[in-house]
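Data first, discussion second: the structure below is written as structure tokens.
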Amino acid sequence: MHHTSILAKPLTLKNGVTIKNRFFKAALSETLAKKDDGPSRLLVNLYRTWARGGAGLLITGNVMIDRRAKGEPGNVVVEDERDLVLLEEWAKAGTENGTHLWMQLNHPGKQSPKMLSQDPVAPSPIPLSGDIKGFFNPPRALTAEEIEDLILRFGNSARIAKKAGFTGVQIHAAHGYLINQFLSPHHNGRSDEWGGSLENRMRFLVRVYTEIRKQVGEQFPIGIKLNSSDFQRGGFTEEESMQVVKKISELGIDLIEISGGNYEQPKMLVAEARESTKKREAYFLEFAEKVRKITSSPLVVTGGFRSLDGMTKALTDSGIDMVGIGKPFALVPDLPNQASQGKFTSITTNPIKTGVKSIDKSASLLELGWYEQQLLRIGKGNKPKPNYNVWKSLFRILLTQGTAAFKKRRS
Ligand SMILES: Cc1cc2nc3c(=O)[nH]c(=O)nc-3n(C[C@H](O)[C@H](O)[C@H](O)COP(=O)(O)O)c2cc1C
């Protein structure tokens, strides 16, 4: 990559904060918290490696705002200042080399598996459906008081992130988690001020954003990860997503990352077969082009980028501002440095499969488990292992999470 390449250009946000280049490491849940939910040394090492690898902006894997509601075993929880010193170490490592490090804040809502949540909460008591439903207890509806408490928690976690030295936060409003559940007419059947019209369904997100802004101030970057759509009948649609983009842009969001899907429809992890998508790599680029027309907020698209060519084209032709990259960063942690030295042109990420049909139908679990093993390797100071045996990673998943892990979980 020549130094004048568009990928090497700094990006200045509306608040004057500058990100040194256009490489955006998307959130990859590390599941590397200590037993007490605090950040571990492995996390610190992992983020130091990524920061030294040249990315402009690193988004952490999802950090939980409430200890009672985790998306997976091994999630970091930030609900008070007990782990401030460790958080400071994490922030220091991840901001080496002029790198931005933003903490992704999340509440899983009903997407908190049985082994972690007896009594998961959601906007409405609507269970998850499809193959995965057996892995989650049916949720109960949040009370109005609980909703107010969660809003404050998002703000408080953001305040602690700032205090620890993280340079921004990202609200996880995508992938079927709690904020997405509020947005979705399928998952939100409330008849109070939190449900019904789109204005009501987006109230939780708007209040979360406003509370975070109140607690971190005007100059601190707040981003959002939003679904283009849920790809479900009766779910959150592209038209609604555009309305949400308009609203949060007006409110002053600093960066919008576009993704899509949820546990029931894990589109964020799986490339679409459509020819147009294959050619352009990124799954949600067409939608991002529509969004570009209605907002001046900086835009990131995540999902599918594998080549320098595809990334460059997205920036030049589609008007997005940064390229969101997930899995490749688990295999090539210094991808941006390699790109600037002309050593990276593209990477192939093959679907992770055992060849045994009954196991391979849990494709997302295999993928996530396999990539989490790569993150663990980097945290331990080892190199990623692209030929890592899928059976070994499966064995480790079973060891740490038991058979209950066999579900289409996250991302
Ligand atoms: C192991 C793993 C963990 C993930 N964890 C998160 C997460 O915590 N938060 C999030 O927003 N997305 C998460 N994702 C989704 C990625 O951010 C990204 O949207 C997805 O992998 C598609 O991008 P890619 O094709 O570049 O990998 C995860 C993906 C993987 C593979």
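Here are the numbers for the structure shown:
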read-out: Extension gain, Arg292 back to Lys357 (0.36 nm per residue minus Cα-Cα distance, nm); value: 19.3 nm
read-out: Under 5 Å, built H, 5+ apart or other chain: amide partners of Gln170; value: Met103, Gln104, Leu105, Gly223
read-out: Sequence-distant aspartates and glutamates (8 or more away, or on other chains) whose Cα lies within less than 19 Å of Lys14; value: Glu218, Glu250, Asp254, Glu257, Asp321
read-out: Relative frequency of Cα-Cα separations exceeding 16 Å in the stretch 44-127, percent; value: 58 percent
read-out: Top of Leu335, Leu32, Leu150 by mean-square fluctuation, Gaussian network on the chain, Cα under 10 Å; value: Leu150
read-out: Full-stretch length increase - Glu218, Thr143 - with 0.36 nm per residue and alpha-carbon distance subtracted; value: 24.0 nm
read-out: Distance histogram for the stretch 211-318 (every C-alpha pair counted, 10 angstrom bins, percent rounded to whole numbers); value: 14, 43, 33, 10, 1
read-out: Rounded accessible area of Arg82 (nearest 10 Å², 1.4 Å probe); value: 140 Å²
read-out: Size of charge dipole - the chain - debye, nearest 20, with Cβ of Lys, Arg +1 and Asp, Glu -1, no other charges; value: 1220 debye
read-out: Mean separation of Cα contacts under 8 Å (6+ apart) over length of the chain, as relative contact order %; value: 17 percent
read-out: Positive-end residue, the chain charge dipole about Cα centroid, Cβ charges, pick of Leu269, Met64, Thr345; value: Thr345
read-out: The chain: DSSP helices with Cα axial extent of at least 18 Å and average Kyte-Doolittle hydropathy no lower than -1.0; value: 144-164, 203-216, 238-251, 363-379
read-out: Convex hull projection area averaged over all views, the stretch 104-144, Cα basis, nm²; value: 3.4 nm²
read-out: Sulfur and carbon atoms: percent of accessible area, the stretch 287-411 [1.4 Å]; value: 53 percent
read-out: Per principal axis, descending, Cα span of the stretch 243-380 in whole Å; value: 47, 40, 33
read-out: Trp391 accessible area, assembled protein chains, probe 1.4 Å, Å²; value: 120 Å²
read-out: Projected label distance in nm at Asn200 and Asp119, using a 7 Å step from Cα toward the beta-carbon; value: 2.6 nm
read-out: Loop sites in the stretch 206-248: trypsin sites (Lys or Arg not before Pro), DSSP, at most 12 other Cβ within 10 Å; value: Arg233
read-out: Proximal lysines to Lys343, defined as alpha-carbon separation beneath 25 angstrom and excluding residues fewer than eight positions away on the same chain; value: Lys9, Lys20, Lys25, Lys278, Lys279, Lys313, Lys327, Lys380, Lys383, Lys385
read-out: Antiparallel bridges, percent of DSSP beta bridges restricted to the chain (to nearest 5); value: 10 percent
read-out: Gain in span if fully extended, Glu88 to Ser346, counting 0.36 nm per residue against the direct Cα distance; value: 89.5 nm
read-out: When the convex hull of its Cα atoms is projected in every direction, mean area for the chain (nm²); value: 17.6 nm²
read-out: Unit Cα scatterers, Debye sum, the stretch 1-95: log10 I(q)/I(0) for q = 0.10, 0.12, 0.15, 0.25 Å⁻¹; value: -0.32, -0.45, -0.66, -1.25
read-out: Magnitude of the charge dipole, the stretch 293-348, Cβ model with Lys/Arg +1 and Asp/Glu -1, debye to 20; value: 100 debye
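The values are calculated or read from the model by the stated rules, or taken from the named source; none is laboratory data. It should be emphasised that the depicted structure is a prediction, and the values quoted were computed from it without experimental measurement. Note: ideal-geometry Cβ built from the backbone for every residue, glycine included; neighbour counts use all protein chains shown. Just the protein is used for accessible areas: all its heavy atoms, side chains included, with ligands, DNA and RNA removed. Shrake-Rupley method; radii C 1.70, N 1.55, O 1.52, S 1.80 Å.
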